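**Q** Provided herewith is a single structure, encoded as structure tokens, for subsequent inquiry.
The values are calculated or read from the model by the stated rules, or taken from the named source; none is laboratory data. Since we're looking at a predicted model, the values are computed, not measured. Cβ sites come from the backbone with ideal geometry, for glycine too, and all protein chains shown count toward neighbours.
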Amino acid sequence: MCAPRRGLCQPFANADSRDTSPLAATLKRDLGVNSLILTVVTGTIGSGWLFAPYFCARIAGPASLLAWVIGGVMAFLLALVFAELGALVNSSGALAQLPLLSHGRLSGFIGGWSAWISYVSLPSIEVLALLQYLSSVLPWLTRDVGSSQALTGVGQLVAVALLVLFTWINLAGISQLARWIDGLTLWKLVVPLLVSISLMLIAGHWGNLQLPVPEQQNTLVDAIGSGGVLFSLLGFRTAMDLAGEVRNPQRNVPLAMGVGLGLCLLIYLVLQLGFLVSVPPEALQQGWSRLNLSAHGGPLVALATGLGLGWVATLLLIDAVASPGATGMAYLGISARVSWMMGECRLLPNALGRLNRRGVPHWSLISSLVISTILLWVAPSWQEVVSFLTSTLIIALAMGPVSLLALRRQLPNAPRRFQIPCPWLLSGMAFVMATWATSWSGREALEGAVLVIAVPSLIYALSNAWKGQPIELTSGLWWALYLGLLILDMELFSTGQPLELPMGWHLAVLAGLAIAVMPLAVNSALKDASPHALTPLTEPTGSPQST
């Protein structure tokens, strides 16, 4: 047991007690269910809607609609798992909390680090997307590098200024952030639908849907992974990341996940259909895979301009500021909540666990700003980064099904306002789909993600061994087995490798790998929930229950 220090490492609250931890006294529960749903939407509809329909169409043609449906099913299954976990552990930065709670400190570091790496990269990606679209009217923001665009020196300064603005808004507190998100997200709900319907009605090349799908072997899975489908749909997790600042989280977190994800999937399907039928047939004479909409700005602006729809192009440029801007602003704050939680539980330096007088993790926010700024100088193309981030985030989310089953055993009497039926079946399916998704992002993306996770994790383990501090090594070794098998599979059975398998067989191998690892992972959990986590189970005394 750790000594109590501002809520650090508090033991798991009894199911019948009220949470009186200092965490409850410092984090402000100012978010209602409507704001939380809009936060999920703004975390889901960012730069993805500006780029994913184009890349999905190039990869899969009309089959991209099916890719969104399959990706939606995968996201909903993962969301079900995390809805129960979010109803159980209602603290901000929960993706760092869950593996620590069920499997100890090494697993907590691996899961939290994976989530933080993907989160802290997102503000940079959103700012890059924002400036790339604006370059159609402000060409001095970007320069052409081969077939892609990179920021100019002035563009990089503008990007840094935007990140500083996002940080300032986050430092004002969660209620101020919610006001910005509420206003911007209502705009983000309307504009994609308006653009999609306008393109369908004005262009309406419905014959495009009859064109053959590109003949590559893995068109569907490539669209889901590297095309941006999963990247765009995994925003449901933001409800968990802010759960410590939500009123009545046991009800509102699962509700926000389901409603927000459903709204976003509908919008993406309409948007993809609108894009497919608005491409001029002459641009598809060589097939979908040769479609090229690379004019200054983004693909949708190039399409609208080519169709003579100047007002649509103008609307897109306005939204190019609102959508990625709101998403980048939200994820800058969310990444800080993850590193804050890790700092509080001594998985990262203690300074990251400090809060300012507004209840905001200011040092964590500043560290996220610094890392996001550095990434502006090293980020390659949007699509390549999306593949890497999807792989990293899916690895973090793969912990969810394992932790759910472990916590069912460790905390059988803990209050759960939402529980999934058939937990072993649904958790197993979610774990299999997460395993598939890691490979669908591509071999290079998976190898990069594992490297970025493994090296810091090894440093963390060696550092604690040097200090003589236990890290529950046995409970965390399943990660090494799981990630090692994923890399081995990609080196042997993926496209272009010595023992390349047809897609069906490869999916079967990955499913077998997941089914074999999952019981080992669940059974390696701690006997009792870790006492080193911040775990408010019930509403703090006196907190409002209204939505």
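**Q** Only one of (1) under 24 Å from Leu348 (Cα atoms); (2) among the small types (Gly, Ala, Ser); (3) in a loop (DSSP other than H, G, I, E, B) is not met by Ala461, so which one is it?
**A** With (1) under 24 Å from Leu348 (Cα atoms); (2) among the small types (Gly, Ala, Ser); (3) in a loop (DSSP other than H, G, I, E, B) applied to Ala461, the lone miss is (3).
**Q** Right, here's the next one. Among the residues of region 344-353, which ones are in contact with an Asp or Glu (Cβ under 9 Å, 6 or more places away or on another chain) and within 17 Å of Ala94 (Cα to Cα)?
**A** Leu352, Gly353
**Q** Taking the condition of being in a helix (DSSP H, G or I) and not hydrophobic (A, V, I, L, M, F, W, C), how many residues in region 471-499 meet it?
**A** Result for region 471-499: 7.
**Q** Within region 417-451, how many residues turn out to be out of contact with any Leu (no Cβ under 9 Å at 6 or more places or on another chain), part of a helix (DSSP H, G or I) and surrounded by fewer than 16 Cβ atoms within 10 Å (Cβ to Cβ)?
**A** Counting residues in region 417-451 that are out of contact with any Leu (no Cβ under 9 Å at 6 or more places or on another chain), part of a helix (DSSP H, G or I) and surrounded by fewer than 16 Cβ atoms within 10 Å (Cβ to Cβ) gives 3.
**Q** Can you pull out the residues in region 356-366 that are of a type outside the set (Val, Ile, Thr) and closer than 16 Å to Asp241 by Cβ?
**A** Restricting attention to region 356-366, the residues satisfying the condition of being of a type outside the set (Val, Ile, Thr) are 356-359, 361-365.
Correct list: Gly359, Pro361, Ser364, Leu365.
**Q** Can you pull out every residue in region 54-94 that is under 23 Å from Trp116 (Cβ atoms), touching a Ser or Thr at 6+ places or on another chain (Cβ under 8 Å) and part of a helix (DSSP H, G or I)?
**A** Val81, Leu85
**Q** Further question: Can you list the helices (runs of 4 or more DSSP H) found entirely within region 213-280 that contain at least 3 residues being at pLDDT below 80 and over 18 Å from the mean Cα position of the chain (by Cα)?
**A** In region 213-280, 249-278 are the helices (runs of 4 or more DSSP H) which contain 3 or more residues that are at pLDDT below 80 and over 18 Å from the mean Cα position of the chain (by Cα).
Okay, residues lined up against (1) modelled with pLDDT of 80 or more; (2) hydrophobic (A, V, I, L, M, F, W, C):
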position: Gly328; (1), (2): yes, no
position: Leu376; (1), (2): no, yes
position: Pro380; (1), (2): no, no
position: Val385; (1), (2): no, yes
position: Leu397; (1), (2): yes, yes
position: Arg409; (1), (2): yes, no
position: Pro415; (1), (2): no, no
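**Q** Assuming Val402 fulfils every condition listed in (1) under 16 Å from Leu483 (Cβ atoms); (2) surrounded by fewer than 24 Cβ atoms within 10 Å (Cβ to Cβ) apart from one, which condition is it?
**A** (2)
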